[in-house]
Amino acid sequence: MPVKLPHVEYEVPATVAEAVELLAEHQGEASVLAGGQSLIPLMALRLARPAVLIDINGLGEMSGVSVSGGQVSIGAMTREYVAEESETVAGAVPLLAAALPLIGHEAIRSRGTIGGSLAHADPAAELPAVALALDAELVVRSRSGDRVVPAAQWFEGYLATSRRPDEILVEVRFPAAGPGTGAAFQEVARRHGDFAIVGLAASLTLADGAISDARLAFAGLADVPVRAADAEGLLVGQEPSAELFEEAARRATDGIDPPSDLNGSPEYRKKVAATLVRRGLREAADRARQDSARKNSARKNSAHAHERP
Ligand SMILES: Cc1cc2nc3c(=O)[nH]c(=O)nc-3n(C[C@H](O)[C@H](O)[C@H](O)COP(=O)(O)OP(=O)(O)OC[C@H]3O[C@@H](n4cnc5c(N)ncnc54)[C@H](O)[C@@H]3O)c2cc1C
């Protein structure tokens, strides 16, 4: 098996604008090099053969986490471990915070990027399921300007997205979670750090004890992440209970037709998926209750502080 990279031209743009020009110049012949944690192994195995690599690791303008207008924006070049350690992500995008520590190992997350994972679009990866569940928006840039793609229109097939060859992914926007939101990422993998055989992104928001928002998306059940819209619809308006979560698990897995491979049969994956829905919803509901309690007590404390003479 060859392990050395094939010959490739190497470009290091100094700005995003320069990277966009290079992509336009080398239409379809170039690949952007982000953390390299997926692209370099694919090149070594000759499964990817770009003629030109455009290394965007020096583009600081594409890194960082910021909040504005109820959205959390994460630069595509933000390393997975940087997002994992971000207090903004922990507070405002709890589902992303739950998923990040499950990606590979620390060494992978110290190089791998948020944008790289979403552009690579491995259907067993955690972040595509998170982006789909939360209706994230992906911002791509080309010579003709910026285009905002909803996550539901981003994933097109196995390692395939709706990004055009002359576009670079610059930013991902997640909606900031409202009060009373709890999230969980559940997965079954052969070993710690491996890609999930089946994964589930789950997020619940509680208002006055009832579920006001429910989000569920699977990894590993098809060649794209899969949203469980029917189960989400069932959950909204109901109070969390074991019976409700059992029924949600049934609805989420009823019509699915998972793939078969060395990791498991379709029946096995379906069974695991149902278990993950029950576990994920239970954990998300517990965390949503804790979040409500924390925010209520913070509100009361601040009201008392204002009442004091
Ligand atoms: C041993 C190992 C275990 C792993 N385990 C997991 C795991 O459990 N879960 C998981 O999700 N991932 C896992 N990964 C993959 C890891 O998360 C990668 O970091 C990620 O998939 C790709 O990110 P990257 O920044 O390294 O992208 P790269 O490898 O640099 O790029 C990947 C692809 O995306 C394109 N691309 C990257 N950035 C952009 C951009 N800004 N605009 C346009 N195109 C872009 C590249 O051209 C390339 O086609 C693992 C990797 C390894 C090596």
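Of note:
- The Cβ shell under 12 Å around Arg164 holds other residues with a net charge of +1, Lys and Arg each +1, Asp and Glu each -1.
- With all protein chains in place and a 1.4 Å probe, the accessible surface of the chain carries 50 percent carbon and sulfur.
- Semi-axis lengths (Å, descending) of the ellipsoid that matches the C-alpha gyration tensor of region 220-309: 39, 13, 11
- Separation between Cα centres of region 111-133 and region 1-50, rounded to whole Å: 18 Å
- Debye-formula intensities of the chain, expressed as log10 I(q)/I(0) at q = 0.11, 0.13, 0.16 Å⁻¹, are -0.69, -0.93, -1.29 (one equal scatterer per alpha-carbon, no solvent).
- With the alpha-carbon atoms of region 62-175 aligned to their principal axes, the span from lowest to highest coordinate is 34, 32, 23 Å, starting with the largest.
- Per residue value of the accessible surface for the chain (all protein chains in place, 1.4 Å probe), Å²: 48 Å²
- Cα point-scatterer Debye curve for region 9-55, base-10 log of I(q)/I(0) at q = 0.17, 0.18, 0.33 Å⁻¹: -0.45, -0.51, -1.24
- The equivalent ellipsoid of region 130-205 has semi-axes of 27, 19, 9 Å, largest first, where each one is the square root of 5 times an eigenvalue of the Cα gyration tensor.
- Note on region 143-271: the C-alpha convex hull projects to 10.0 nm² when averaged across all orientations.
- Each stretch of four or more DSSP H residues adds -39500 (n - 2.57); spread over every residue of the chain, this sum gives -11000 deg cm²/dmol at 222 nm.
- The trypsin sites (Lys or Arg not before Pro) of region 1-108 that meet both conditions, a loop assignment by DSSP and at most 12 other Cβ atoms within 10 Å of the site Cβ, are Lys4, Arg46.
The values are calculated or read from the model by the stated rules, or taken from the named source; none is laboratory data. The structure displayed is predicted, hence computed values, not measured ones. Note: ideal-geometry Cβ built from the backbone for every residue, glycine included; neighbour counts use all protein chains shown. Quick note on the areas: whole protein, heavy atoms, side chains included, nothing else; ligands and nucleic acids left out. Shrake-Rupley method; radii C 1.70, N 1.55, O 1.52, S 1.80 Å.
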